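Structure first, commentary second.
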Amino acid sequence: MFVSNSVSYFNEKSNRRLTMQFKQLEAFLQVARQRSFSKAAEALYLTQPTVSAHVAALEDELGTQLVVRSTRELRLTAAGRVLSRYAAEILGLCQRAAQDVRTAASSISGTLSVAASTVPSQYLLPQILPLLRQRYPDVFFQVRQGDSGQVVQWMVENGAELGLVGAPVQRAGLLCVPFFAEQLVIATPNTPEYQALGGQMTPEILRHAPFLMREPGSGTRKQAEQYLKGIGLEVKSLTMAAQLESTESILQGVKNGLGISILSGCAAKEAAQEGKILVFAPESPLLERQFYLLYRRSSPLSPAAAMLVEELLYFYRDKM
């Protein structure tokens, strides 16, 4: 089976970037071993012209002849003998890497206890867990949800091996690593009153509209309070309608006209696309926030926990 990736490098003599395809190397290596284009084609389940084209493309890429073709026999040039050694090493390394990865995946098992604040629990983990279940079927993910303050407490009390929170944590014994960034938004009911604003939200409207707020200890609440203070509003000056203890409760309250709120852009995205709420996104660094992985300094991570840390950082690598 061919590998579709390639090896890319810079040739200083020709002043251009060269790319050797793995499938070209595999075809060349079979020709070198079989000493025949037709036998190489048969071994790879390809046509002979395809194998010949792969070898010719390599010769053109490298700017040198690799194979001496004649009616009596096929032999490698000096350059061809050098490349055959490297091709065997490269393709062998690819096979060993694939085998090691499959072995590592199959050997990870057990229960992984994760404590997560509302947004990671309800909107981030559900994006990646189905993929991880396919890769690591013997891992059972036990997710405990609370606000950021509760997650920190559970980590300190060894109630979970990993934590995911929406605010930075400075706590002795805990490592705090950012893995995802998002923008908080102002969400309102989709009514003519807010439609008439044309996407522009003012401090005066925020002050007088019925406001829905998360509980103290919530990372979203901390970020919302920082933004409000930055535009000259204190929480006590708002017209508070309700305090709710989950992002989903806030979202449902906004949908049903209970009030407006500042909440996660991830949480609001689907409802906004469906036209159930309106979203206002002022350009302010005070509405930008990161989510963090927490784990204990003193305890080595279990294979399952180490896997989740690595997978989360990779999955969200382009969203920092």
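The numbers here are math on the coordinates, done by the rules we state, and not lab data. Just so you know, these numbers come straight off a predicted model, no measurement behind them. Positions of Cβ are generated from backbone atoms using ideal geometry, with glycine treated the same way; all protein chains shown enter the neighbour counts.
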Among 22, 298, 58, flag the residue with its Cα farthest along the positive direction of the charge dipole of the chain, charges on Cβ as +1 for Lys/Arg and -1 for Asp/Glu. 58
Testing the spin-label approximation: label points 7 Å from Cα along Cα→Cβ at residue 79 and residue 133. State their distance in nm. 5.4
For a quick check: with amide H placed at 1.01 Å from N, whose amide H comes under 5 Å from residue 211's, ignoring anything fewer than 5 positions away on the same chain? 239, 240, 241, 242, 260
Check: C-alpha center region 261-320 vs C-alpha center region 28-58, spacing in Å is 49
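Once you keep just the Cα pairs under 8 angstrom separated by 6 or more residues, what percentage relative contact order results for the chain?
It rounds to 18 percent for the chain.
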Tell me, which longest segment in the chain has none of the GluC sites (Glu not before Pro) that fall in DSSP loops with at most 16 further Cβ atoms within 10 Å? 74-156
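Once every DSSP H run of n ≥ 4 in the chain is given -39500 (n - 2.57) and the sum is divided by its residues, what mean residue ellipticity at 222 nm do you get, rounded to the nearest 500 deg cm²/dmol?
Numbers: 12 runs with 139 residues, N = 320.
Here the helix-only value at 222 nm equals -13500 deg cm²/dmol.
Treating only the Cβ atoms of Lys and Arg (+1) and Asp and Glu (-1) as charged, compute the dipole magnitude of the chain about its Cα centre; round to the nearest 20 debye. Present the calculation step by step, with values, prior to reporting the outcome.
Details: 32 positive and 28 negative charges, 232 e Å.
I would put it at about 1120 debye.
Can you tell me the length gained on complete extension of the stretch residue 288 to residue 60, counting 0.36 nm per residue apart and subtracting the Cα distance?
Between residue 288 and residue 60, full extension yields 77.0 nm more.
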With a sphere of radius 13 Å drawn around the Cβ of residue 33, what net charge do the other residues whose Cβ falls strictly inside it have (Lys, Arg +1; Asp, Glu -1)? +3
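When only C-alpha pairs under 8 Å and at least 6 residues apart count, what is the relative contact order of region 211-255, in percent?
That works out to 54 percent.
By Kyte-Doolittle mean hydropathy of at least 0.0 and Cα axial length of at least 20 Å, which whole DSSP H helices of the chain are selected?
Values: long enough: 48-62 (21 Å, 0.07); 78-107 (44 Å, 0.13).
Passing helices, by number: 48-62, 78-107.
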When the C-alpha atoms of the chain are aligned to their principal axes, what extent does each axis show, in angstrom, from largest down? 93, 48, 34
Given 14 as the ceiling on other Cβ atoms within 10 Å, longest exposed-site-free region of the chain for trypsin sites (Lys or Arg not before Pro) in DSSP loops: 172-296
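Using 1/(1 + (r/R0)^6) with R0 = 22 angstrom and r between the beta carbons of residue 175 and residue 111, what's the FRET efficiency to the nearest 0.05? All intermediate terms of the calculation are to be shown ahead of the outcome.
Working: r = 22 Å, r/R0 = 0.98.
Approximately 0.55, to the nearest 0.05.
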